[in-house]
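Take a look at the structure set out below.
Just so you know, all these numbers are worked out from the coordinates, no wet-lab data involved. The shown structure was predicted, so the numbers you read here are calculated from the model rather than taken from an experiment. Because the Cβ atoms are built from the backbone with ideal geometry, glycine has one as well, and the counts that use them run over all protein chains shown.
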Amino acid sequence: MEQLTCPKCGLIDEPELAPSKIHIGAYCKYCGAWIKWMPQGKKPIFYFGKYKDKPIDEITDVQYLKWAKENIKKQKADWYLAVQNRISELEFLLK
Ligand SMILES: [Zn+2]
C-alpha cells in the first residue's frame, strides 16, 4: 500500500484504513488524523432491492440475479456484465 504523509504530525507511513459509506478513509497510524479519502475498489454493487449496497460478487442468490438482469433496464453495461459474470460463476459452482 502507498505511504501517506500525515498533515498533522508529519508521520510518513501506510495509513490506517476505515471504510465509510462511499469512500475509504485513510487515517494516520500515529495521531489518528484524517489524511484523505481512498477510492473504493471498483466492485459494482446492487443499489436497489433486498441486496442494496451489496457487491454483486458477494450475492449468492442466482435466481434474484437473473431476475434483476432481465427486469432492471436502465443499467450501465459494466453492471450488466458484472451480474452476468456472477450468474455464470454461481451456475458453475452449483453444478
Ligand atoms: Zn499523524
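The HN-Hα couplings worked out from phi for region 8-19 by the Karplus form 6.51 cos²θ - 1.76 cosθ + 1.60 (θ = phi - 60°) are 8, 10, x, 5, 10, 6, 5, x, 7, 9, 9, x Hz, whole numbers, x standing for Gly and Pro.
Under 8 Å for C-alpha pairs, at least 6 residues apart: give me the relative contact order for the chain, rounded to a whole percent.
The value is 16 percent.
Based on the Cβ-Cβ distance of Leu81 and Ile24, what FRET efficiency does E = 1/(1 + (r/R0)^6) give at R0 = 25 Å, to the nearest 0.05? That gives a FRET efficiency of 0.55. For Lys76, the lysines whose Cα comes closer than 27 Å to its Cα, not counting residues fewer than 8 places off in the same chain, are Lys21, Lys42, Lys43, Lys50, Lys52, Lys54, Lys66. Helical content of the chain, expressed as a calculated mean residue ellipticity at 222 nm, amounts to -9500 deg cm²/dmol (DSSP H runs of 4 or more residues, -39,500 (n - 2.57) each, divided by residue number, nearest 500).
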